[in-house]
Amino acid sequence: MGFLRIRTTVDERPGRLASLAAALADKGGNILGLSVQSNTDGTVDEFVADIPAGAETVREALEAAGGRHVQVVPATAHELTDEPTRALLLAARLRAEPWRLPELLAELLRAEDARWVYGAEMSDLPDPTLLTVPVATRRSVRLRRAGLPFTLTEAARAASFVRLAQPALRRRPGAERVVTLSDGTEARILPLTELYREAVRDLHDRCSPETRRFRYFTTMPALPPHAFDRLCDRSRGRSLVAGHDGQVIAVATLALTPEPGTARLAMLVEDRWQGMGLGAALARTILAVARDLGLAEVRAAMHADNARMRALLTSLGAAVTPTDDPGVVEARLAVGALTETAPVPEEH
């Protein structure tokens, strides 16, 4: 019998994980470790198993059970260490010896090689077995792991790990972000709180039915009180507002999903402020929030004819794919791949 590390991409449908586990059990496998990760083309299930079957047999069994891009590599008993404990121990070592960042990143992600890259070398390469982790403006760590391509979740873990080695940001209490729009107007971006209840309701009322349809998938004539309460509920996610001249002119929301490491993005920008760069500034700022929360991926469902939102998310690097509803598309954005992020406004 031998230890194997097994990864497979699956469609997000009920029962898929059970089918894979049953396929491994049928080959005499004993699952000793399991993790679920996000990636661009689906959910990645990773198993560490003690199994007598060979790699090719395991691969064929999982493909028959609905797995895609199945990868099987040898593992050792050392890899059965509890993952959260292992990450915390590595974090403690990094805080004590930050100059060992490449080495510790390699250990965190079980990479075969890690080295500093600078300037032009930092450009992303079309190779899923290489991961470039930004550390500073012109400095990154590049990791290589030939057996198992890196996932979005691992990219987010690496980005969070790097921040432990960086000096803490010094923000003044109650700081906010001020952005200049295309016509020279300034808008303030700051966290949504209960103080903005009436202002957000007024924003909703000023928006056209078409703008509300793009945001809510219905014209939503009035914003229900419970909807605002959800926006303010930090256990559900995070929300930001943009303001000008005493009015709230836009809202962006990250709603956490049951799937670890992911959140749903939604935005509402008042009609007369659209096309001025406000949506882009707000999106970048809330994606910085996603980064600081350690999220791996942000998704956004939108009407297929919402060209402005689609263009915005595509410009930020999102992949847009169709859904089962022909009138709806989904954008998926890897948070760990973002290198340009806005400052995160402080909570009041």
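The values are calculated or read from the model by the stated rules, or taken from the named source; none is laboratory data. What you see is a predicted model, and the numbers here were worked out from it, not measured in a lab. Heads up, the Cβs are rebuilt from the backbone with ideal geometry, glycines too, and the neighbour counts pull from every protein chain shown. Quick note on the areas: whole protein, heavy atoms, side chains included, nothing else; ligands and nucleic acids left out. Shrake-Rupley method; radii C 1.70, N 1.55, O 1.52, S 1.80 Å.
Tabulated data for the structure shown
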| read-out | value |
| --- | --- |
| Given (1) touching a residue at least 12 places away in the same chain (Cβ under 8 Å); (2) under 29 Å from residue 156 (Cα atoms), number of the condition residue 2 does not satisfy | (2) |
| Residue match in the range 286-296 (condition: modelled with pLDDT of 90 or more and more than 11 Å from the chain's Cα centre (by Cα)) | yes |
| Residue match in the range 219-237 (condition: open to solvent by less than 20 Å² (accessible area, probe 1.4 Å) and closer than 16 Å to residue 191 by Cβ) | yes |
| Residues satisfying the stated conditions in the range 231-245, i.e. in contact (Cβ under 8 Å) with a residue 24 or more places away in the chain and either touching a Phe, Trp or Tyr at 6+ places or on another chain (Cβ under 9 Å) or not in a strand (DSSP E or B) (or both) | 231, 232, 241, 242, 243, 244 |
| Members of the range 297-306 found to be modelled with pLDDT of 90 or more and open to solvent by less than 20 Å² (accessible area, probe 1.4 Å), listed by number | 298, 299, 300, 302, 306 |
| Selection within the range 285-311 - in a helix (DSSP H, G or I) and over 18 Å from residue 255 (Cβ atoms) | 307, 308, 310, 311 |
| Qualifying residue in the range 307-314 (condition: out of contact with any Gly (no Cβ under 8 Å at 6 or more places or on another chain), crowded, with 16+ Cβ neighbours inside 10 Å, farther than 23 Å from residue 192 by Cβ and modelled with pLDDT under 90) | no |
| Single residue of the range 280-291 satisfying the filter (in contact (Cβ under 8 Å) with a residue 60 or more places away in the chain and closer than 25 Å to residue 153 by Cβ) that is least open to solvent (accessible area, probe 1.4 Å) | 285 |
| Strands (runs of 3 or more DSSP E) contained entirely in the range 122-208, each with at least 1 residues that are closer than 28 Å to residue 246 by Cα and modelled with pLDDT under 95 | 177-180, 186-191 |
| The range 106-121 - residue that is modelled with pLDDT under 90 and at negative phi and, of those, surrounded by the most Cβ atoms within 10 Å (Cβ to Cβ) | 117 |
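Yes/no per residue for (1) open to solvent by less than 60 Å² (accessible area, probe 1.4 Å); (2) hydroxyl-bearing (Ser, Thr, Tyr); (3) modelled with pLDDT of 85 or more; (4) over 20 Å from the mean Cα position of the chain (by Cα):
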| position | (1), (2), (3), (4) |
| --- | --- |
| 43 | yes, yes, no, no |
| 51 | yes, no, yes, yes |
| 56 | no, no, yes, yes |
| 64 | no, no, yes, yes |
| 87 | yes, no, yes, no |
| 101 | yes, no, yes, yes |
| 104 | yes, no, yes, yes |
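A quick yes/no check of all residues on (1) closer than 28 Å to residue 330 by Cβ; (2) surrounded by 15 or more Cβ atoms within 10 Å (Cβ to Cβ); (3) touching a His at 6+ places or on another chain (Cβ under 8 Å):
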site	(1), (2), (3)
2	no, no, no
10	yes, yes, no
15	yes, no, no
20	yes, yes, no
26	no, no, no
